[in-house]
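The values are calculated or read from the model by the stated rules, or taken from the named source; none is laboratory data. Computed from a prediction, not measured in an experiment: that's the story for all the values here. In this analysis, Cβ positions are derived from the backbone assuming ideal geometry, glycine residues included, and neighbour counts consider all displayed protein chains. These area figures cover heavy atoms from the full protein model, side chains too; ligands, DNA and RNA do not enter into them. Shrake-Rupley method; radii C 1.70, N 1.55, O 1.52, S 1.80 Å.
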Amino acid sequence: MPDSVPPETEALLRRMYDVFNTQDVDAMMAEALHPEVDWPNVAENTRLHGHAEVRAYWQAQFDVAHPLVSLEGLSLADDGRVVVAVRPGMRDAEGDHWAEETIEHVYTFRDGLVTHMEVRGAPGRRGQAD
C-alpha cells in the first residue's frame, strides 16, 4: 500500500486549485508547473507542452466561461503519481454550478513541480489517459 501524499505536495495541489478558481493562474504557474510540463487539452484531445501553451489553453477557457474545480480527495497511486478527485463546475451570473460526478486528475512530479497531468473520467473523454 503506498504512503500518503507528502504534505508539501498536498499543499501545492490545494493552492493550484484555489488559484485556478480565481483565474489568476500566472501567480502559480512557475511555483507549481515544471517549465517542460506536459498537460492535457481535454477539449481537443491533444497534449500541451510548457508554461506558454498551458497558459494560453487556460486563458482560452477563461475567455468563454468561468470553469471551477473543487478538490474532493487526494491519494498516492502505487506508481507514485498523485491522484486528485475533483468535482468540475462552472460559475455564471446565477452562481456556482457543480457536476454530480467527480473526475480524476493524475499528476507526476519532478523537483517538486508538476511535469505531467492527465484527466480520467472526463465526459466524452473516457480512456484519454496516457
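For this structure, a couple of remarks:
- For residue 88, the criteria (1) in a strand (DSSP E or B); (2) under 12 Å from the mean Cα position of the chain (by Cα); (3) over 16 Å from residue 120 (Cα atoms) hold in every case but one, which is (3).
- Residues of region 3-47 that are open to solvent by less than 40 Å² (accessible area, probe 1.4 Å) and farther than 20 Å from residue 103 by Cα: 25, 28, 29, 32, 33, 34, 37.
- Filtered by the rule that a residue be surrounded by 10 or more Cβ atoms within 10 Å (Cβ to Cβ) and free of Cβ contacts under 8 Å to residues at least 12 places away in the same chain, region 84-104 gives a lone residue, 97.
- Qualifying residue in region 47-57 (condition: β-branched (Val, Ile, Thr) and within 12 Å of the chain's Cα centre (by Cα)): yes
- Within region 6-39, restricting attention to residues that are β-branched (Val, Ile, Thr) and modelled with pLDDT of 95 or more, the residue that is farthest from residue 77 (Cα to Cα) is 37.
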